[in-house]
Amino acid sequence: MTTNQRKVVLPGDIVGDARAIPGNGTKKVGDKLVAITAGVLQEVGERVHVLAMTGAYEPRPGDMVVGIVTEANTGNWLVDIRAPWPAPMHVSEVPWRVDFGETTAYLKVGDAIWCKVLFVDEQKKLQVTLKDRNLSKLEGGELLEVPVTKVARIIGKNGAMLNLLKGYVECWMSVGQNGRIWLNGAPAEVLLARKAIEAICEHANSPGLTERISAMLEAARPGGVDADLSIEKNAPAAESAEGMSESQEPAGDGPQEE
């Protein structure tokens, strides 16, 4: 598209000619490309997509998702990944050696996990796994659910929007393809991340989204995280050890943050 204005199309609308390459939400009919769903038209080179404005999560192999354990059985767990059907996870698909019947010693009902869709067969049966790099149980934090159709906007092209968020918010963020997001950090940081994500969802189909979110984050934290670190580095010590009272002993080696 040559303008910043996004065009909403309906099923059956012609969205491209014979040269157009079909993308998500489109198909070739003769020498025309037509929309097969209602949504926002997006052109990336010769490839044309129609981004649905509503929709449920349909798992695909390799998707990274935030799941919630709903059932622990003797040899597997059932995980809710916001799909229309349950996602089993066998004990062989976790990084621990789990004895038969000991599943609850590792994952209990209600636990959140950062997992990957291992496979989806023709009957829509699927399985998820924790046996891959950076997959794990998610300790603490908060969960936020957004429409699946907004995930691409939250991540941004080549991760640009997510990198923008990380430049202003000091908290862990795991954005699942299933529209479930895990946030973990200081309450003020999580709140800022949540507000920014909600704003992205609200204005996802509006032009100038990146500029809008950047301005919002800059108003909340001028200069971003790097500016805060620079201020802390150059700030004088609040008080010297000599000025401490007996009840203000320097802290010893406590638990370290990851």
**Report entry** Unmet requirement for L51, which otherwise passes all of (1) within 29 Å of K131 (Cβ to Cβ); (2) surrounded by 20 or more Cβ atoms within 10 Å (Cβ to Cβ)
**Finding:** (1)
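So that you can scan it fast, the table gives a plain yes or no per residue for (1) part of a loop (DSSP other than H, G, I, E, B); (2) touching a Phe, Trp or Tyr at 6+ places or on another chain (Cβ under 6 Å); (3) under 30 Å from M216 (Cβ atoms):
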residue	(1), (2), (3)
G101	yes, no, no
L118	no, no, no
E122	yes, no, no
D132	yes, no, no
L144	no, no, yes
Query - Residue ID - nearest to the chain's Cα centre (by Cα), chosen from residues in segment 82-105 that are crowded, with 19+ Cβ neighbours inside 10 Å and not β-branched (V, I, T) - result: R82
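The numbers here are math on the coordinates, done by the rules we state, and not lab data. Quantities reported herein were computed from a predicted structural model and do not represent experimental measurements. Here Cβ is always computed from backbone atoms with ideal geometry, including for glycine, and neighbour counts include all displayed protein chains.
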